[in-house]
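Colleague: Sharing a structure here in structure tokens format.
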């Protein structure tokens with residue numbers, strides 16, 4: 001197997017990249033400026049040494065405590081629980097949340113052999129017990145695994161007397177009812193809000 005085929009095999013293991021995209025990237029890298037390719041290679045090879053999980057929330061960081069946990073201006077009584085670090089950036093992009101985060105680094109998925117002990121649920125419970133937390137917002141994806149994880153977490157937190165909420169699910173802004181699938185429409189009805 002030649003070097004390009006090896007590179008294509010490695011690149012195609014990246015989520016979201018198929019064989020065609022991986023091959024395009026590989027050929028682009030071969031034609032790219034040599035200094036750029038070397039710098040990219042150095043950056044990639046240094047990632048495991050530079051990037052770690054925040055010891056508090058599990059977010060990716062170059063320091064022991066991530067920028068969110070270290071920010072004293074954030075509301076420490078509010079914790080948003082997400083599946084992956086990329087979810088934190090999606091929520092931050094809204095500019096409407098100023099609480100803290102907890103990254104599970106996965107979801108409960110029995111079919112894939114992932115149980116509650118394989119993700120950061122125990123760390124979340126310990127964190128809640130040590131801090132003054134008023135509300136946990138569960139922001140797992142609206143999938144069977146995400147819903148299962150949300151339900152599991154809420155049952156663990158319920159005896160602690162802390163409010164547990166879930167992100168609202170339903171129709172996108174600007175969407176038409178006739179094009180919504182049944183599950184989305186049902187969730188929108190269940191999560192309806194009073195206007196008065």
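Colleague: Pick from segment 67-85 the residues that are touching a helix residue (DSSP H, G or I) at 6+ places or on another chain (Cβ under 9 Å) and without any contact (Cβ under 8 Å) to a residue 40 or more places away in the chain: which of them is surrounded by the fewest Cβ atoms within 10 Å (Cβ to Cβ)?
Modeller: 74
Colleague: Quick one: is residue 44 more than 22 Å from residue 163 (Cβ to Cβ), at pLDDT below 95 and either not assigned by TED's automatic domain parsing to the domain that holds residue 7 or not in a strand (DSSP E or B) (or both)?
Modeller: yes
Colleague: When you go through (1) in contact with a helix residue (DSSP H, G or I) (Cβ under 8 Å, 6 or more places away or on another chain); (2) farther than 30 Å from residue 52 by Cβ; (3) part of a loop (DSSP other than H, G, I, E, B) one by one for residue 185, which number turns out not to apply?
Modeller: (3)
Colleague: Now for a different question. Where residues in segment 92-109 are outside any loop (DSSP other than H, G, I, E, B) and closer than 17 Å to residue 61 by Cα, which of them is modelled with the lowest pLDDT?
Modeller: 92
Colleague: Give me a count of the residues in segment 131-182 that are outside any loop (DSSP other than H, G, I, E, B), over 24 Å from residue 86 (Cα atoms) and modelled with pLDDT of 85 or more.
Modeller: Number of matching residues: 7.
Colleague: Which residues, taken from segment 4-19, are in contact with a helix residue (DSSP H, G or I) (Cβ under 9 Å, 6 or more places away or on another chain), more than 17 Å from residue 45 (Cα to Cα) and outside any helix (DSSP H, G or I)?
Modeller: Matches in segment 4-19: 12, 17.
The values are calculated or read from the model by the stated rules, or taken from the named source; none is laboratory data. Given the structure is predicted, the values throughout are model-derived calculations rather than measurements. Cβ sites come from the backbone with ideal geometry, for glycine too, and all protein chains shown count toward neighbours.
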